[in-house]
Structure formats: structure tokens, C-alpha cells
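Structure first, then comments.
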Amino acid sequence: MGDPTTTWTDDNLMSLQSHVLAGEREHPGATGDFSWILSAISLATKTIGNKVRRARIEDVIGELASNNTHGEQQQKLDVIANEIIKSCLGSRANIGVLVSEEDEEPTILRTRSDGGRYAVFFDPLDGSSNIDVSVGVGTIFGVLRLPDGGKGGTEALLSPEAVMVAAGYVLYGSSTVFVLTTGNGVDMFVLDHSIGSYVLTKRDIRIPTEGKIYSINEAYSARFQEHVQTYLQWAHDNDYSSRYIGSMVADVHRTLLKGGVFLYPATSDRPEGKLRMLYEALPMAMLIEQAGGRAVTDHGTRILDLKASTIHERTSVVLGSSGEVDLFEKHSDTSL
Ligand code: P6P
């Protein structure tokens, strides 16, 4: 019988906090820095989930007059979620930089020499336009360990030496689900409201190697590149099902659990793609690869090999079951 704190069996009750602390015990050099950050994300997402559930009651549904950094209509809850996350993470003395979809510029908390070892980038409430119709929305985050030395800040965040050490999302759906990787597989937690804790429900999730489901907004078909249209025609001819929610966290969560492939390719009006590299594509790519899947651009470049040159840079995304991404490459001739 191994150490009870690290040998999880079905009858062990393991919270997110105890799971992360158990992970720390396995790394003698661990400083607790990392757990400190994840506990802030846990607190922030419990608070956001409460706001999302009570949105209609508290009348925080709907749009603001303002647009975000991308010129997109801001939802009231986008702004609220952004402030909640920043207020929780801002108190962590080991975080140097915060990058949010909702903020034009990064929030510089402290320099590298003042202890800012990590950067956290996040989409506070991805898919928020779906809130009014009670479709699952979510928070996506990535934690980056900044290179030693230097000033920290945006330069460090975009440095090739920066390493993504954790990624995850929280889906505010029929239940509040926290999916996390710290580089050793993917674990899933569900918020037990009766005790206010995320409880471990599935350890070391493995994405099915195949699944005849593709997830794409086919309304843009005429604007996809020819090779993407070729793949879609192949899928139509081979009895694939189409599932598309329009909320990346919900679409990726289904893909992770049921298999298939999620695609948001470049279009003629968005040749660089729509999804953002730092706080949408890279965290989801780390999760999917850690679960045994693949995550590439629509021309077959591994997303985790991409390096953003600006904090809001966009990319195309094709991710999911390894077999399905292979089939996309095979039947779309991405050598084009
Ligand atoms: P479209 C939500 O706005 C989002 O960023 C992702 O959550 C989602 O996958 C995508 O955009 C949906 O975009 O163009 O299909 O509405």
C-alpha cells in the first residue's frame, strides 16, 4: 500500500487542495508556490460559478455598452469574472504578471527579482455570450513559470524560456467541473456545493483515441481554406456526427470525455484564426496532449510549439482524439 496521501482509491475523498498538496509531497523541492496559485484559481472560480448561477436573479446578465480589447461586446459577467480572478490572484506574492482576455495590457504585479516567478493567463468567462441562454460557459487558465533573471513582465511571459507548468478550465454547466493538468496527466474535480470543495471525481483522464464527432461552426464553410473543406466533405461522407456548442470550454470538455475533433480553423476574414493562443489554445492543447490527444493548427503545427509574439495573438486550432487529428491531416492534405 503506497502513501495514502498519494494512492487514491475510489473510496478516498480527495479535494482539489489535498490533491495538489499530495502532488507537492511527491516533489521534495516543491515550495508550495504552485499550490498557492491553484488555491487562488479555485477560490475565484467558485465565486464566478456562483455569479453565473445567480446571473438572472442578480440581473447581471446581458451586455455592457463597452467592448473588450478585441472589439467584442462585453457581457456584464465578463467584467465581473475578470475582477474576481484578478482580486484572488493579485494577493499571491509569487505571481509577476496577469494576462486576461478582457484587458488590453498585462497586469504587472511585481518584477522577477521581487518574487514574481509565475505568470497566469486566463479567459475569465469564455463563451459568455451564451450565458443568456444558460449554455455552459467557462474559465480557461494557464500558469507559466517565468525564466530566472530579467525584469519579468511581458518580455518574460513571451520568452521562449517561459514554461507552461499547469493548465485547466472550469466549466460552469449542469455542475461546476474543474479539469486540471500540472504536467502529469489530467484530473477532473466537481464542485460539491454542500461542502464548498472541488472533489476529485476522475483521475488521469485519457481521451478516446478516436470518435466520429467533429465540432466546427459550419456556417463559415465558404470561408474555410480548401483543405479544411476537403476534410469536412470526407467527414460528411463517412457518417460523422456534428456537435457544436459555440463555447470552447463546453466543446473541448465533450471532446475530452467522448472523443472526436474540435476545429476552429482560419477563415478568409480571419486568416490568423479567432481563438487566442495564450489563454485559449495553449492551455487546451496542454490538457488534450496530457490526456493522450493531439492539438495542432489547421496546417499541422503542434500548438504547444507555438510562441506568441503578442499577448492577444490568435491561432487556428484543431484538437482532440489523436486518431481524429491524424484523419484531419490525412484527409485535408495539410501539406498544402
Ligand atoms: P463562433 C466564444 O466567443 C469563443 O471564443 C469560444 O468559446 C468559441 O469556441 C468560439 O468563440 C465560438 O466562435 O465564431 O463559432 O461564434
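Loop-resident trypsin sites (Lys or Arg not before Pro) (DSSP state other than H, G, I, E or B) in region 184-264 with no more than 10 further Cβ atoms inside 10 Å of their Cβ are absent.
Among G300, G259, G49, the residue with the largest mean-square fluctuation in a Gaussian network model of the chain, with springs joining Cα atoms closer than 10 Å, is G300. Put in order of Cβ neighbour count within 10 Å, fewest first, the listed residues M164, M286 become M164, M286.
Of all DSSP bridge pairs formed entirely within region 213-332, close to 70 percent run antiparallel. Run the paramagnetic zone check for R243: 7 angstrom along Cα to Cβ, then residues of region 118-153 with backbone nitrogen under 15 Å. Residues 136 fall inside that zone.
The calculated FRET efficiency for the pair K330 and E161, based on their C-beta separation and a Förster distance of 41 Å, comes to about 0.70.
With axes computed from alpha carbons, what is the tilt in degrees of helix 76-89 against the longest principal axis of the chain, rounded to the nearest 10 within 0 to 90? For helix 76-89, the angle is close to 40 degrees.
Dimensions of region 252-336 along the principal axes, based on C-alpha atoms and rounded to the nearest Å, stand at 32, 27, 20, largest first. Total lysine pairs in the chain at Cα distances under 25 Å, for residues eight or more apart or on different chains: 20. Among H27, H19, the order by Cβ neighbours within 10 angstrom, fewest to most, reads H27, H19. Taking every Cα-Cα distance in region 70-197 and sorting them into 10 Å bins from zero, the calculated P(r) comes out as 12, 38, 35, 14, 1 percent. Ranking of V120, V20 by neighbouring Cβ atoms within 10 Å, starting from the fewest: V20, V120. Across the chain the C-alpha pair distances fall into 20 Å bins from zero in the proportions 32, 59, 9 percent. Identify which of S39, S247, S194 has the largest mean-square fluctuation in a Gaussian network model of the chain, with springs joining Cα atoms closer than 10 Å. Most flexible of the set in this elastic network: S194.
Computed log10 I(q)/I(0) for region 199-322 at 0.12, 0.16, 0.18, 0.20 Å⁻¹: -0.41, -0.74, -0.94, -1.15, from the Debye equation with unit scatterers placed on every C-alpha and solvent omitted. Relative to the longest principal axis of the Cα atoms of the chain, the long axis of helix 33-53 makes an angle of roughly 60 degrees.
Read the figures in this text as sums done on the coordinates, not as results from a lab. Values in this document were obtained by computation on a predicted structure and should not be read as measured data. Reconstructed Cβ throughout: ideal geometry from the backbone, glycine too, with neighbour counts over all protein chains shown.
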